[in-house]
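The values are calculated or read from the model by the stated rules, or taken from the named source; none is laboratory data. Being a predicted model, the structure only gives us computed values, none of them experimental. Cβ atoms come from the backbone with ideal geometry, glycine included; neighbour counts cover every protein chain shown. Ligands, DNA and RNA are stripped out before the accessible areas are found, and what is left, the full protein with its side chains, is counted by its heavy atoms. Shrake-Rupley method; radii C 1.70, N 1.55, O 1.52, S 1.80 Å.
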Amino acid sequence: MVDPRGFLKVRERELPPRRPVPLRLMDWREVYEKQDQQQLQRQAGRCMDCGIPFCHSACPLGNLIPEWNDLVSRGDMREAIERLHATNNFPEFTGKLCPAPCESACVLGINQPPVTIKQVEVMIAENAAEAGWITPQVPERLTGKTVAVVGSGPAGLAAAQQLTRSGHTVVVYERDDAIGGLMRYGIPEFKMERAVLDRRLAQMEAEGTRFRAGVDIGADITGEQLRERFDAVVVATGATQWREVELPGRDLVGIHQAMEYLPPTNRVAVGQEPPAEYIDAQGLDVVVIGGGDTGSDCYGTALRQGAKSVTQLDIYPMAPEDRPEHEPWPTMPKVFSVSSSHEEGGQRKFSASTRAFVGEDGRVSGLRLVEVTKVDGVWTPVEGTEHDIPAQLVLLAIGFAGPEHGGLVGQLGLEADARTRFTRTPGYATGTPGVFVAGDAGRGQSLIVWAIAEGRACAAAVDEFLMGDTALPSPIRADAVPLTA
Ligand SMILES: Cc1cc2nc3c(=O)[nH]c(=O)nc-3n(C[C@H](O)[C@H](O)[C@H](O)COP(=O)(O)OP(=O)(O)OC[C@H]3O[C@@H](n4cnc5c(N)ncnc54)[C@H](O)[C@@H]3O)c2cc1C
Ligand code: SF4
């Protein structure tokens, strides 16, 4: 049982130090240093075991947060990883990358800084890996049923691990040259090193999951062939169709989508030869359009490449530092946040809208900006605020429209909603028997924690389809929505 007065004894929220900025900018390694065990236990002990843990409901995985906080506070890291794995296949991914809606819903957070839930999670996972406790869980017997998983992001991997452990023979197909989805080449190394992903993939391989990279389903193998060869198919192809901007000068050289920029850079970061399409920010004025996480990943990447200047533009005004009244606890509020990349240099401009790209000799040389404010729900320019800023490299990070609609869609009889996402029942089934959809492909661009939760729940649906019954957990329905105001 957690010490119910722990939060009164330790009032301060303590996180491990981040590596010094000048060092960080010299390599691609992760930003955080390891947390001291005593500090970790102290912090976990701030959890008051409030009785109705809202953090549970805010976490799509339903992580048993008070239970592992208690175990960690008492130094029982072995049992803590067991409790964490009971609800989360990949706690090291969420511990490093999740924006932690659980912390916004922490009861302690009503009038004190919330428990460092995400940090406790990552330390449990890292500790377990170091101690050799993340071992393969090989199924006792095989069912003789086969499942194809298309797409190897967190949704596909979670579904594959659950189904393999249930005794089904699972093959994960990935069109890229390596397994991992956006965690392989999309998310920068400085947020999560690829060795962390590879460690988990090794566990999955040892459990029996088969990986086939470099296979584009819909082209190399058709959807019909897949259905003939497998008893069930899980489509977990993500939502990587990027949004475009229609502005004067868009065709100038030097303007790229974030996902044209990040993957080649991430390849170089892990020691691969620079590919032909490598975009180097060194010595350039870089402007990132888009105030979200993908934009901040471009920002940190450009700083590491040695950009002369980096500016991130956000059309929204600067968010308040404290939770606004219209986003009450326990919802996840939009508050001003400083990512590790923002600490490293550069500047952010808010209420900034791009009117046009300016160019010289066919290359981009700047952006024409204007300050905007919302009038009757429409972004409206503020008179007299138009000005130009220099930019020889512009990165567009304005979000993703939905999943790509390649040959696979017609071949598997998939249907799409108005946002181009593949439609499925709350139980992840499509209109084609035996074909299921999980992760961003059905939800739209979201988060790793949602993808893992969907992968787990989809596996339960597939298991039930194959066996008539299932003992697998189903944390969320496909139509579940985040806890927002
Ligand atoms: C730059 C960036 C940074 C992000 N940072 C974070 C973060 O810090 N925290 C967070 O929680 N979320 C983050 N996200 C969002 C997160 O990565 C996604 O929500 C998550 O990866 C979705 O998982 P998924 O399994 O549904 O799909 P994905 O991870 O997109 O994986 C889908 C895979 O399917 C493959 N595929 C597609 N079509 C085919 C086909 N026909 N045949 C074979 N394979 C196919 C794709 O190549 C891809 O590898 C980020 C996203 C981006 C773009
Ligand atoms: S997965 Fe995310 S929401 Fe769930 S406990 Fe971890 S940090 Fe919190």
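Return a yes/no flag: does region 113-120 have any residue that is under 22 Å from ALA441 (Cα atoms), assigned to a helix (DSSP H, G or I), open to solvent by 20 Å² or more (accessible area, probe 1.4 Å) and within 14 Å of ligand 1 (Cβ to nearest atom). No: region 113-120 contains no residue that is under 22 Å from ALA441 (Cα atoms), assigned to a helix (DSSP H, G or I), open to solvent by 20 Å² or more (accessible area, probe 1.4 Å) and within 14 Å of ligand 1 (Cβ to nearest atom). Checking GLU224, GLU246, GLU228 one by one, the residue that is without any contact (Cβ under 8 Å) to a residue 24 or more places away in the chain, within 25 Å of THR143 (Cα to Cα) and not polar (S, T, N, Q) is GLU228 and no other. Only one entry in ALA307, ALA319 is in contact (Cβ under 8 Å) with a residue 12 or more places away in the chain, in a loop (DSSP other than H, G, I, E, B) and touching an Asp or Glu at 6+ places or on another chain (Cβ under 8 Å), namely ALA307.
Evaluating PRO66 against the criteria (1) open to solvent by less than 60 Å² (accessible area, probe 1.4 Å); (2) in a loop (DSSP other than H, G, I, E, B) leaves one unmet condition, (2). Being over 28 Å from ARG19 (Cα atoms), of a type outside the set (Lys, Arg), crowded, with 16+ Cβ neighbours inside 10 Å and within 21 Å of the chain's Cα centre (by Cα) is a property that THR294 lacks. Restricted to region 341-398, and to residues there that are charged (D, E, K, R) and not in a strand (DSSP E or B), the residue that is least open to solvent (accessible area, probe 1.4 Å) is GLU344.
Please name all residue pairs, on different chains or six or more residues apart, with Cβ atoms under 8 Å, provided the first residue is in region 378-394 and is under 19 Å from ILE255 (Cα atoms) and the second residue is surrounded by fewer than 13 Cβ atoms within 10 Å (Cβ to Cβ). What qualifies is GLN392/ARG363. Candidates are the residues of region 10-60 that are β-branched (Val, Ile, Thr) and assigned to a loop (DSSP other than H, G, I, E, B); the one that is farthest from ligand 2 (Cβ to nearest atom) is VAL10.
What number of residues within region 41-93 satisfy the criterion of being of a type in the set (Ser, Thr, Tyr) and closer than 30 Å to ALA202 by Cβ? The number of residues fulfilling the criteria is 1.
Quick check: anything in region 8-28 buried (at least 17 other Cβ atoms within 10 Å of the Cβ) and under 21 Å from the mean Cα position of the chain (by Cα)? The answer is yes; a qualifying residue exists.
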